[in-house]
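The block underneath contains the structure these notes are about, expressed in structure tokens.
The values are calculated or read from the model by the stated rules, or taken from the named source; none is laboratory data. Computed from a predicted structure; not experimentally measured. Quick reminder, even Gly has a Cβ in these numbers, built from the backbone with ideal geometry, and neighbours come from all protein chains shown. Just so you know, the surface numbers come from the protein's heavy atoms only, side chains and all, with ligands and any DNA or RNA stripped out. Shrake-Rupley method; radii C 1.70, N 1.55, O 1.52, S 1.80 Å.
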Amino acid sequence: MEALENAARRQALRLAARALEQRLNADTSDHAGPELPCACGEPAQYHGRHQKTFESVLGPLHLERAYYHCANCQSGFCPRDRALRLELFSLTPGVLRMTGSAAALASFEESSALLHELAGVEVSAKQVERAAEALGAEIAADERRCVEKMGEVAPTMYLGMDGTGVPMRAPEVAGRTGKQPDGSAKTREAKLVTLWTAESRDEEGKPVRDPGSITYSAAIESAAVSDTSPNRSDFAERVLREATRRGFTEAPRCVVLGDGSAWIWNTARELFPQATQILDRYHAKEALHRTAQSIFGATSDGKAWATARCAELDDGKLHAIVHALKPHAATSAEATKCAMYIFHNRARMRYPKFHAQGLCTSTGVLEAGCKVVIGTRLKRAGMHWTVNGANAIIALRCSKLSGRFEDFWERHCDRAAA
Ligand SMILES: [Zn+2]
């Protein structure tokens, strides 16, 4: 049966490809006279019909198109390629879309193999890379331009910010300071903004994140501007666009969640002074575990100490945590750091108060966001990126994961028709 169905599919696709080929090649209306204006302003001359093979969802298509050559810039073009949007790496729009879908999820090599196996479409890993990066760059530009409202404004809206290091190719981090022992950098930080709602309640009446309510926007970009600059940082602009899309500030209650990073709270203060700031409880507990590990090593004493501090954290007993850190301050820099962390973020760590207000303080969204959006696709073994390449794939992934790809594709097609 498998051999039969596969043979029948190949046959059907081949027939369909020949039919489409004949129809397109019989139409010579793309020959618009002996001359057409070139992009340089000079006239380009008609040079007959040129054949080229395009990869389509039906397999290869051999298309003959009117070709115009410009003597001035020594290059040529086919009006039909533009009309049918065939100019991207010999891929038809149908294959380009499949390629984008695959590359959002899997590596370029895996995408190439999947396209072959599932769709019978031949796109090399290099072609996948170039096409996905071009598509991702277009999505990134579209995201900056198009800030359409999406989804409902809930009574409480949550906005989280987080960062994660993306492994870079050496030239991309040359001369940058980082966390390597010699002070050099191997990664650049991708910054993520996440929005979601949590109107649902579990059996105990605690707020639970609403399925399908999460959207993401991220890039490797700066969250800092000089004090004298009248402009916002690139990342602040991104946060503002995403907040506008989701109607964040229109909600009766808006909450910003983050870890201890200064850039997060600077951005929150600048953009949403009215929002409730909460230090993500998951991150706070991670900090306590890290501190326990550095004081006690990986011992059961350390585990017990961390468990006790986490319970105090949940109960809002910040003084008790600081008190427990004190005896270790002289010998452990981590202990001192942790005490400072709690002191600086104490207003964001009033968990019993937040819980009484029915607010989420640790939803897993923030914790998972960087893994889902960036880690699983960009931080796999052996992967090294350029900033442009990483940002294109991040944009593609955010668009897919936020349910915005279809809307983008419509605009992409409208632009092609214009
Ligand atoms: Zn020209």
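Could you please report the charge total around ASP30, scoring K, R as +1 and D, E as -1 over all other residues with beta-carbon less than 11 angstrom from its beta-carbon?
+1
Helix-only mean residue ellipticity at 222 nm, the chain, DSSP H runs n ≥ 4 weighted -39,500 (n - 2.57), per residue, nearest 500. What is it?
Value at 222 nm, helices only, nearest 500: -14000 deg cm²/dmol.
Using only Cα atoms, locate the centre of region 308-359 and the centre of region 18-48, then give the distance between them in Å, rounded to an integer.
Going from one Cα centre to the other spans 71 Å.
Accessible area per residue, 1.4 Å probe, Å², for region 247-378: what's the number?
Roughly 47 Å² per residue, with all protein chains present.
For a quick check of understanding: with a 1.4 angstrom probe and all protein chains in place, what accessible area in square angstrom does THR299 have, to the nearest ten?
Per-residue accessible area (THR299): approximately 60 Å².
In percent, how large is the relative contact order of region 210-258, given Cα pairs closer than 8 Å and 6 or more residues apart?
27
Take the alpha carbon gyration tensor of region 78-204, find the square roots of its eigenvalues, order them as a ≥ b ≥ c, and report rounded if a/c is under 1.5; if not, report prolate when a/b exceeds b/c, else oblate.
Verdict is oblate for region 78-204.
With every protein chain kept in the model, how would you rank MET1, MET349 by accessible area, 1.4 Å probe, largest at the top?
These residues rank, largest area first, as MET1, MET349.
Can you give the charge dipole size of region 1-111 about its Cα centre, rounded to the nearest 20 debye, using +1 on the beta carbon of Lys and Arg and -1 on the beta carbon of Asp and Glu?
260
Please report the orientation-averaged projected area of region 304-418, defined via the convex hull of its C-alpha atoms, in nm².
12.4
Show me the ranking of peptides 37-44, 215-222 by mean Cβ neighbours inside 10 Å, starting with the highest.
Put in order of decreasing packing, that is 215-222, 37-44.
Using 25 Å as the Cα-Cα cut-off, could you pick out the over-long pairs in LYS206/LYS285; LYS126/LYS400; LYS186/LYS326; LYS186/LYS400; LYS285/LYS337; LYS206/LYS303?
Distance filter (> 25 Å) returns LYS186/LYS326; LYS186/LYS400; LYS206/LYS303.
Give me the accessible area per residue for region 100-165, probe 1.4 Å, as a whole number in Å².
43
Bin all alpha-carbon pair distances of region 174-309 at 5 Å intervals from 0 and give each bin's fraction as a whole percent.
Values per bin, smallest distances first: 2, 8, 13, 16, 16, 15, 13, 10, 5, 2, 0.
When only Cα pairs under 8 Å and 6 or more residues apart are kept, what is the percent relative contact order across region 1-143?
Result for region 1-143 is 17 percent.
Cα centroids of region 165-206 and region 100-156: how far apart, whole angstrom?
21
Starting from a Cα-only point model with no solvent, please compute log10 I(q)/I(0) by Debye for region 330-379 at q = 0.15, 0.21 1/Å.
For region 330-379 at q = 0.15, 0.21 Å⁻¹, log10 I(q)/I(0) is -0.69, -0.85.
Determine, for each peptide in 2-9, 125-132, the mean count of other beta carbons within 10 angstrom over its residues, then list the peptides with the highest first.
The peptides rank, most packed first, as 125-132, 2-9.
If N is the number of residues in the chain, what value comes out of its Cα radius of gyration divided by 2.2 N^0.38 Å?
Relative to the rule-of-thumb radius for its length, the chain sits at 1.24.
Mind telling me which of LEU36, LEU288, LEU359 comes out most flexible in a GNM of the chain, alpha-carbon contacts under 10 Å?
LEU36
With the contact rule set at Cα under 8 Å and sequence spacing of 6 or more, what percent relative contact order holds for the chain?
16
So how do 365-371, 265-271, 292-298 stack up, highest first, on mean other-Cβ count within 10 Å?
Top of the packing list down: 365-371, 265-271, 292-298.
With a 1.4 Å probe and all protein chains left in place, how much of the accessible area of region 250-364 comes from carbon and sulfur atoms, in whole percent?
C and S fraction of accessible area: 57 percent.
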